[in-house]
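One structure below.
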Amino acid sequence: MLNKRIISAAAAVVVALGGFGAPVFGGIAQNFDIAASAISYNYKDFKANCIARGATNRMIEELDKFFLPNLDYFTAADYAAFIDGTDTLYNQFMRQACEAAYGKDPALLSDEERRAVIRSMTQKNQMKAYEYIRSVGAKHGVDVGYTYDEQKRLVPVCTITKSAVPEKRYIKVDVRAAEGEAVDYSELTVSIVAPNGKTFTQDVDSEGKVEVTDLLKTGYTVDITMPGYAARSIAYDGTNDLSNVAIAKYGDLNGDGLIDIEDLLLMQKKVAGWQVDDAIVYPEVANVTADVEGKVDLEDLILEQKAVAGWNVTLGVLVVPIND
């Protein structure tokens, strides 16, 4: 068990769960059922909501000081509990105090007004809030103790008491092939692209699995390519299910591994304006002319017809007209 002691200047955890972090999350976690929720919260969600709800720069700095070095110690359920905890504190302490003092929601107050409200809270209510923070922390691997600074202000001393054992995460690529057709996964490329453009190409095993435990983060992009197959680019928002990502050949609209009359009929309907997107494995497979804008039109339909008829044509290759 790791026992990591952290003394956070200006009380990051109190900012996160109490202090003025409470009103920042007012309403976010109302009626929140952690066990039943399918939402995957992370620190970015926690911080973004703080900013959106009017947290000061100082509060965000203190949140960063505590959480950024320790992200691996907290799960989505932990962050959900922190959000839920801020809602409880907001309803029990901060909202009433702000409305009594200024008649408006805490998020609408100036920094000076916010500080005045906090100073106006009785010591009894402050201690109630701190004890609540202590109880939430104890449930999620943070021991919250207290000391006093040179100005006799109460400052929490936080110790992480849980081990950081991140669960391994994988992307599994489902290469759609015809029955009995061998799949050479060595030709499959899975790349993780950071927002700054830096690309990490990962090894793919013999089953199409790629480990991305320490690599894939919210805001990154997953690019999947394989010769003859329509490339996929997936924006990762932290909640995407990447446990079974299909890729299919250009022209294989229904993803059954074949390019036949069923795919041609789907192409005809799509070009005619029918709503058939739900029947198409993913949009890029229909762009058999590799149009750079991704549009699917009569040219794609004609090429698909030739492929189904047995003509010697190549799908998924951009044809550049030659001007005389």
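Derivation of every value follows stated rules applied to the coordinates shown; laboratory data play no part. These numbers were taken from a predicted model, which means no experiment stands behind them. Positions of Cβ are generated from backbone atoms using ideal geometry, with glycine treated the same way; all protein chains shown enter the neighbour counts.
Couplings 3J(HN,Hα) of segment 274-287, computed from phi: 5, 8, 10, 4, 5, 8, 9, 4, 6, x, 5, 5, 7, 7 Hz, in residue order, whole Hz [Karplus 6.51 cos²θ - 1.76 cosθ + 1.60, θ = phi - 60°; x for Gly and Pro].
Measuring r between the beta carbons of ALA107 and THR213 and using R0 = 41 Å, the FRET efficiency lands at 0.65. Amide H contacts under 5 Å for TYR220: TYR236, restricted to partners 5 or more places along the chain or on a different chain, H placed in the peptide plane at 1.01 Å from N.
Given the pairs LYS47/LYS104; LYS65/LYS139; LYS65/LYS172, which span a C-alpha to C-alpha distance of over 28 angstrom in this model? Exceeds cut-off: LYS65/LYS172.
In straight-distance terms, cross-link reach from LYS269 covers every one of the lysines whose alpha-carbon lies under 16 Å from its own, apart from those fewer than eight places away in the same chain; here that gives LYS295. Gain on full extension, evaluated as 0.36 nm per residue between LYS44 and THR221 minus their Cα-Cα distance, stands at 62.1 nm. Note on ASN196 and LYS269: the model spin-label points, each 7 Å out from Cα along the C-beta direction, lie 4.7 nm apart.
The spread of Cα positions in segment 270-320, taken along each principal axis and listed from longest to shortest, comes to 29, 24, 18 Å. When each of the peptides 184-192, 238-246 is scored by how many other beta carbons lie within 10 Å of its residues on average, the order from highest to lowest is 184-192, 238-246. In this simple spin-label model, placing a label point 7 Å from the Cα along the Cα-to-Cβ direction at both ASP203 and SER186 gives a separation of 1.4 nm. Relative to the current alpha-carbon distance between GLU179 and ASP64, full extension at 0.36 nm per residue lengthens the span by 36.2 nm. Backbone geometry of segment 89-98 corresponds, through the Karplus equation with coefficients 6.51, -1.76 and 1.60 at θ = phi - 60°, to 3J(HN,Hα) couplings of 4, 4, 5, 7, 10, 6, 4, 4, 5, 5 Hz, x marking Gly and Pro. With the simple model of a label 7 Å out from the Cα in the direction of the Cβ, SER135 to TYR170 spans 4.1 nm.
How charged is the neighbourhood of HIS140? Take every other residue with its Cβ under 9 Å from the Cβ of HIS140, and add Lys/Arg as +1 and Asp/Glu as -1. Neighbour charge sum, excluding HIS140 itself: +1.
Counting Lys and Arg as +1 and Asp and Glu as -1 over every other residue whose Cβ lies under 11 Å from the Cβ of LYS104, the net charge comes to -2.
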